[in-house]
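Trainee: One structure follows; several queries about it will come next.
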């Protein structure tokens, strides 16, 4: 019930920000974007997905949110599978190699976007 008005507001704000941006590029951080709406007719043109193996994801969420491993696994099972996220993404950044490697991958994506 709330998704359509929220997505409309996001779409308007993205359009405003893109028109004010030097590059016309706006980054939207939305963990459930692929579950909600994207692609043709959606609010975004392209999707970047950041991934980590399940063990690492569990460890990170436990540390961040104070949840048990079972609680985190329940959340993961309720989400779109990582392989489907990879399939739908225009770019995939794998964080398994650490922060520096992830930043390098993100910089590569940025260079590609700003060349177009």
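Every number here is computed from the coordinates shown, using simple stated rules; none is lab data. Computed from a prediction, not measured in an experiment: that's the story for all the values here.
Trainee: Treating only the Cα positions of region 3-115 as identical point scatterers, give the base-10 log of I(q)/I(0) from the Debye formula at each q in 0.12, 0.22 Å⁻¹.
Mentor: Those come out to -0.53, -1.32, one per q.
Trainee: Over the chain, what is the mean sequence separation of C-alpha contacts under 8 Å (at least six apart), divided by residue count, expressed as relative contact order in percent?
Mentor: On the way: 68 pairs, mean separation 29.2, N = 116.
Taking the mean separation of contacting Cα pairs over the length of the chain, I get 25 percent.
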